[in-house]
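Report on the structure given below.
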Amino acid sequence: MDNEGRRRFLGICLGALATAGAAAAAWPVLRFLSPRAGAGSAAKVTIPEKELPEGEAKFFEFAGASAVLIRKRDGEVAAYSAVCTHLGCIVQWQKDRQEFLCPCHAGRFSSAGEVLGGPPPKPLVRLPFTVAGGNITVG
Ligand code: FES
């Protein structure tokens with residue numbers, strides 16, 4: 001093998017190594033940010049009202065994906081899919097601002113699920129729920 005051939009071979013090896021390293025570093029981050037699916041997610045989820053104080057949010061698994069219940073400061077309850085409508089990351093509740101923030105591309109949603117800023121094209125998906133007997137049942 002001449003020098004040019006060795007250089008080319010070395011370049012290919014280094015490129016493959018760099019790609020494998022980048023994939024190994026990115027995989028845990030993607031797993032953390034992507035919606036979870038699979039066993040253990042119920043079609044109905046019941047949460048005691050006392051676990052949701054005013055201004056707080058409670059995240060849970062619903063129908064194979066992340067969902068969130070919030071109780072606004074005026075006492076109103078709302079339930080949404082916690083999956084961002086941009087590229088599917090899981091939103092976070094910003095208690096001090098009373099809005100959702102998507103950590104991936106800084107998409108922001110109001111407590112009504114409406115887009116406040118960033119790239120999300122649509123509001124958060126609302127989930128049906130009922131409140132009875134001190135419990136909130138989603139689904
Ligand atoms: S995935 Fe939420 S803003 Fe991009």
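The values are calculated or read from the model by the stated rules, or taken from the named source; none is laboratory data. Owing to the predicted nature of the structure, the values given are computational and were not obtained by experimental measurement. Note: areas computed on protein heavy atoms with side chains; ligands, DNA, RNA excluded. Shrake-Rupley method; radii C 1.70, N 1.55, O 1.52, S 1.80 Å.
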Legend entry - DSSP beta bridge pairing in the range 44-134, given as percent antiparallel to the nearest 5: 100 percent
Inset, instruction - Please list, in chain and number order, the residues 5+ apart from Leu116 or on another chain whose amide H is under 5 Å from its amide H, with Hs placed from the backbone. - result: Arg108, Phe109, Ser110
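Carbon-plus-sulfur fraction of the accessible area of the range 80-139, 1.4 Å probe, in percent?
Numbers: 1560 of 2910 Å².
Carbon and sulfur together cover 54 percent of it.
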Inset, instruction - Compute the projected area of the convex hull of the Cα atoms of the range 34-139, averaged over all viewing directions, and report it in nm² to one decimal place. - result: 6.2 nm²
Inset, instruction - Sequence neighbours fewer than 8 away in the same chain don't count; with that in mind, list the lysines whose C-alpha is under 24 Å from Lys122. - result: Lys58, Lys72, Lys95
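Quick check: residue separation of Leu87 and Glu54 times 0.36 nm, minus the Cα distance between them. What number comes out in nm?
Numbers: separation 33, 0.36 × 33 = 11.88 nm, distance 2.95 nm.
Contour length minus the Cα-Cα distance gives 8.9 nm.
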Inset, instruction - With a 1.4 Å probe and every protein chain left in place, tell me how much accessible area Phe129 has, in Å² to the nearest 10. - result: 70 Å²
